[in-house]
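Notes follow once the structure below has been shown.
None of the figures in this text is laboratory data; all of them are computed from the coordinates on show. Remember, predicted model here, so these are calculated numbers, not experimental data. Ideal geometry is used to build each Cβ from the backbone, glycine not excepted, and the neighbour counts take in all protein chains shown.
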Amino acid sequence: FELIVVRGDPRQGRAINTGAALAQGIYLLTLDDDTSLPDSETFSKLAAVMEVHPKIGIAGGNNVIPSDASAFVRRAMREIPRRSWTPVKEITDSDLAEHPCMIMRTTEFKSIGGENELIPRGLDPYLRQAFRDAGFRIVLVPGVIYHHLPPDGWHKLLKQFFRNGRQAAYANRYYPHWVIETPSKHGAFVLRIPLWQRILRYPLRLLHTLVAGHWVWLISQIFYGAGSLFFWITNIRRSHINQG
């Protein structure tokens, strides 16, 4: 395997495109800097699926809670959607294939235009949809396990969600046509929901989370909303200053 590490670039999309431009292999396999792989055959299992299924554009692994995770991390991964799930038992069409552990063919990645270098948030859904629009499947592979953990502690976790909310608001403000839904289950889903509907469902989600007693997810959502609100307030204020 060829290993390419891109350091010092805060734009994930641009960093991956840089690595892809240098890569010489048939496949591109992306990992986050905090991904851990408990199985030494992860790469070969993913490549084997791509070899026999030409209509698969992206094949991803299953994010599971490691046995040595702290109590806080275990609870966060159980409560926060898309942070962990029951591993699939067969190749399954799913939106849960993500950058922390997934494989693509280099030529196909380049043919769809690669990663989006403009949006700071929403790269995964953008790339998955670009592959779907080109006629490819997005799947999870049985027997492929990885660990991608949330921050271990309230301060870092809430800081991350505040940042995510601010970046998501930026994407909604300047690139709404690239904002795509991220379902927590496998199968088909509605790609885009108007901003006003997402704003209305936010308090309903908070209420549902409160009733379920998922306190980590509840507080994380509140900080996500705070980050989004912070962006809109500062953006409006900046617009008024520029107009003045």
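Brief remarks on what is shown
- Our helix-only sum for the chain, with -39,500 (n - 2.57) per DSSP H run of n ≥ 4 divided by its residues, gives a mean residue ellipticity at 222 nm of -15500 deg cm²/dmol.
- Mean-position separation - Cα centroids, the stretch 93-109 and the stretch 144-222, in angstrom: 21
- Gaussian network model of the chain, Cα within-10 Å springs - most flexible of Ile222, Ile58, Ile112: Ile112
- Residue of Pro151, Pro38, Pro100 that the Gaussian network model of the chain assigns the largest fluctuation, springs spanning Cα pairs under 10 Å: Pro38
- Here the Karplus relation 6.51 cos²θ - 1.76 cosθ + 1.60, evaluated at θ = phi - 60°, turns the backbone of the stretch 204-209 into coupling constants of 5, 5, 4, 5, 4, 5 Hz, with x for every Gly and Pro.
- Note on Asp34 and Thr234: their simple-model spin labels are 2.1 nm apart, each label 7 Å out from Cα toward Cβ.
- A cut-off of 5 Å between modelled amide H atoms, ignoring neighbours fewer than 5 places along the same chain, links Leu28 with Met104, Arg105, Thr106.
- Phi-based couplings in Hz for the stretch 2-12 (Karplus 6.51, -1.76, 1.60; Gly and Pro marked x): 9, 10, 10, 10, 9, 10, x, 9, x, 8, 4
- Calculated FRET value between Tyr174 and Leu204, using beta carbons and R₀ = 25 Å, to 0.05: 0.40
- Spin-label proximity, Leu195 to the stretch 148-185 - amide N less than 14 Å from point 7 Å beyond Cα toward beta carbon: 166-180
- Sum of side-chain charges, Val179 neighbourhood, beta-carbon under 11 Å (Lys, Arg +1; Asp, Glu -1): +3
- A cut-off of 5 Å between modelled amide H atoms, ignoring neighbours fewer than 5 places along the same chain, links Ile193 with Glu181.
- GNM flexibility winner over the chain from Gly122, Gly135, Gly13 (Cα, springs under 10 Å): Gly135
- GluC sites (Glu not before Pro) within the stretch 53-134, DSSP loop, no more than 13 other Cβ atoms inside 10 Å: Glu90
- Straight-distance crosslink candidates among lysines, where the alpha carbon sits under 24 Å from Lys55 and sequence neighbours closer than 8 are dropped: Lys45, Lys89, Lys110, Lys185
- Residue-wise HN-Hα coupling along the stretch 165-178, computed from phi with Karplus coefficients 6.51, -1.76, 1.60 (Hz; x: Gly, Pro): x, 5, 5, 5, 5, 4, 5, 5, 6, 9, 9, x, 6, 9
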